[in-house]
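*Asks:* For reference, the structure I am asking about is given below.
Each reported figure results from applying straightforward, stated rules to the coordinates on display, with no laboratory input. Keep in mind that this is a model prediction, so the values were computed, not measured. Neighbour counts run over all protein chains shown; Cβ positions are idealised from the backbone, glycine included.
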Amino acid sequence: MGKTYNIAVIPGDGTGPEVVREGRKVLSAAASKFGFKINYEEFDFGGDRYLRTGEVLPDSASEEMKKFDSIFLGAIGHPDVRPGILEKGILLRLRFELDQYINLRPVKLYPGVATPLKDKGPEHIDYVVVRENTGDVYTGSGGVTMKGTPHEVAIQNMVYSRMQVDRCLRYAFEYTRKRNKRKTLALCGKTNVLTFVFDLWERAFHEIGKAEYPDIIREYYHVDATCMWMIKNPEWFDVIVTTNMFGDIITDLGAITQGGMGIAAGGNINPEGVSMFEPIGGSAPKYTGKNIINPLAAISCGGMMLEHLGEEKAARAIEDAVMYVTANKLKDMGAGKMGYSTTEVGDLVAEKIGRG
Ligand code: IPM
Ligand code: MN
């Protein structure tokens with residue numbers, strides 16, 4: 001018997017529990033096939049708990065999470081809770097307190113999946129966005145003065161330290177090297193306007209690249225142009241590294257080019273600590289409990305988690321099985337349009353892993 005992994009599971013809100021259930025089903029199939037064990041412990045963080053108890057996240061939560069090998073999260077966001085409370089109080093708080101400074105978001109079009117991009121197929125859409133995950137306007141630096149008067153001023157600062165920039169860039173260079181595709185890392189910024197922050201990013205990018213990663217080709221794109229090229233020439237990209245806010249925006253754009261929220265997976269990574277894997281799509285309240293939501297994003301998150309834990313063969317088997325299912329089974333990636341229920345999609349992937 002191989003290793004045992006202890007995983008904290010946060011099913012969360014809306015369709016979160018449904019997709020997490022299928023993710024676990026597939027993880028278990030991979031574990032028995034590849035000879036390791038997974039212990040799960042569930043945590044009820046989310047909107048229902050908040051509405052019941054008034055507490056968003058216990059103060060002990062991140063210390064508790066540090067005892068696990070990884071966190072597997074479904075979705076956070078509840079229609080009866082004002083926007084921001086749960087997102088900031090659970091998701092962003094965990095990302096910050098666990099110092100998950102990388103948000104890794106692959107943009108990959110699987111076979112059989114429709115893309116809105118004309119004349120593009122799986123051979124054109126296969127890159128990874130490394131989104132910095134602790135800095136930028138997300139830090140909460142800023143404030144409001146003279147609120148409610150005609151003189152009201154609101155400030156939300158774009159904050160980056162050299163340390164944050166360096167560690168993110170090093171991760172991105174290492175990732176590009178390990179990925180070993182086109183060995184090209186593109187920095188996505190806005191050097192023509194945000195001259196303080198992107199001067200820092202650009203200098204660090206070339207300094208580190210030149211000194212430590214001479215084998216990696218460096219490219220630079222403004223964020224607005226990045227959006228254009230992600231649509232027109234996605235095949236140009238191998239790995240993109242960018243700031244927190246720009247990364248948030250361009251990865252939704254990327255997600256729709258790979259078939260939408262049902263399929264887009266991501267990982268909040270602390271390379272030296274505990275990481276948290278979560279599908280990019282939200283809690284989709286209107287589909288809750290109907291067993292029609294697409295669980296492939298959550299299933300792929302499970303694959304990313306196993307890769308992160310060092311179970312690379314099992315991770316590849318999950319991705320291969322997902323690709324088999326998109327290519328041969330599902331009619332569409334949208335909720336209620338797949339031709340199968342949420343449960344059946346999980347079964348299809350798990351069975352394929354079992355068959356090999
Ligand atoms: C994401 C989400 C979050 C973010 C929200 C829910 C706080 O949009 O993971 O991309 O902005 O990071
Ligand atoms: Mn987002």
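*Asks:* Quick one: count up the residues across region 268-287 that are in a helix (DSSP H, G or I) and within 15 Å of ligand 1 (Cβ to nearest atom).
*Replies:* Of all residues in region 268-287, those in a helix (DSSP H, G or I) come to 285-287.
After this cut, where a residue has to be within 15 Å of ligand 1 (Cβ to nearest atom) as well, the list is 285.
Number of matching residues: 1.
*Asks:* Oh, and also: Regarding Asp215, is this residue surrounded by fewer than 20 Cβ atoms within 10 Å (Cβ to Cβ), assigned to a loop (DSSP other than H, G, I, E, B) and among the acidic types (Asp, Glu)? Steps first, answer last, please.
*Replies:* On the way: surrounded by fewer than 20 Cβ atoms within 10 Å (Cβ to Cβ): yes; assigned to a loop (DSSP other than H, G, I, E, B): yes; among the acidic types (Asp, Glu): yes.
Here the answer is yes, as Asp215 does meet what is asked.
*Asks:* Which of the residues that make up region 69-96 are buried (at least 20 other Cβ atoms within 10 Å of the Cβ) and away from ligand 2 (no atom under 16 Å from the Cβ)?
*Replies:* The answer is Ser70, Ile71, Phe72, His78.
*Asks:* Starting from residues that are within 22 Å of Arg177 (Cβ to Cβ) and outside any loop (DSSP other than H, G, I, E, B), keep the ones in region 231-242 and report whichever is nearest to ligand 1 (Cβ to nearest atom). Quick ask: steps written out before the conclusion?
*Replies:* Within region 231-242, the subset within 22 Å of Arg177 (Cβ to Cβ) is 234-242.
If we keep only those that are outside any loop (DSSP other than H, G, I, E, B) too, we end up with 234-236, 239-242.
Values: Pro234: 19, Glu235: 24, Trp236: 23, Val239: 18, Ile240: 15, Val241: 16, Thr242: 13 Å.
If we take residues in region 231-242 being within 22 Å of Arg177 (Cβ to Cβ) and outside any loop (DSSP other than H, G, I, E, B), then Thr242 is nearest to ligand 1 (Cβ to nearest atom).
*Asks:* For region 317-338, how many residues are within 25 Å of Glu123 (Cβ to Cβ) and either touching an Asp or Glu at 6+ places or on another chain (Cβ under 8 Å) or among the aliphatic types (A, V, I, L, M) (or both)?
*Replies:* Residues meeting the conditions: 10.
*Asks:* Would you call Tyr127 crowded, with 22+ Cβ neighbours inside 10 Å and not in a loop (DSSP other than H, G, I, E, B)?
*Replies:* So Tyr127 fits the description; yes.
*Asks:* Have a look at Asp252, Asp248 and point out the one that is under 24 Å from Glu97 (Cβ atoms) and within 11 Å of ligand 1 (Cβ to nearest atom). If you could, list the steps in order and put the result at the bottom.
*Replies:* Values: Asp252 fails: under 24 Å from Glu97 (Cβ atoms).
It is Asp248.
Residues checked against (1) of a type outside the set (A, V, I, L, M, F, W, C); (2) away from ligand 1 (no atom under 14 Å from the Cβ); (3) surrounded by fewer than 20 Cβ atoms within 10 Å (Cβ to Cβ):
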position: Asp199; (1), (2), (3): yes, yes, yes
position: Glu219; (1), (2), (3): yes, yes, yes
position: Asn244; (1), (2), (3): yes, no, no
position: Gln258; (1), (2), (3): yes, yes, no
position: Gly266; (1), (2), (3): yes, no, no
position: Lys290; (1), (2), (3): yes, yes, yes
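*Asks:* Follow-up question, since we're still on this one. Which ones in region 86-112 are among the charged types (D, E, K, R), over 21 Å from Ala255 (Cβ atoms) and either within 11 Å of ligand 1 (Cβ to nearest atom) or in contact with a Gly (Cβ under 7 Å, 6 or more places away or on another chain) (or both)? Walk me through it before giving the result.
*Replies:* First, pick out the residues of region 86-112 that are among the charged types (D, E, K, R): 87-88, 93, 95, 97, 99, 105, 108.
Those still in the list that are over 21 Å from Ala255 (Cβ atoms) too: 88, 93, 97, 99.
Listed by number, the residues that qualify are Lys88, Arg93, Asp99.
*Asks:* Being out of contact with any His (no Cβ under 8 Å at 6 or more places or on another chain), of a type in the set (D, E, K, R) and within 16 Å of ligand 2 (Cβ to nearest atom) narrows it down to one residue among Asp224, Asp248; which is it? Steps first, answer last, please.
*Replies:* Numbers: Asp224 fails: within 16 Å of ligand 2 (Cβ to nearest atom).
Sole residue among the options that is out of contact with any His (no Cβ under 8 Å at 6 or more places or on another chain), of a type in the set (D, E, K, R) and within 16 Å of ligand 2 (Cβ to nearest atom): Asp248.
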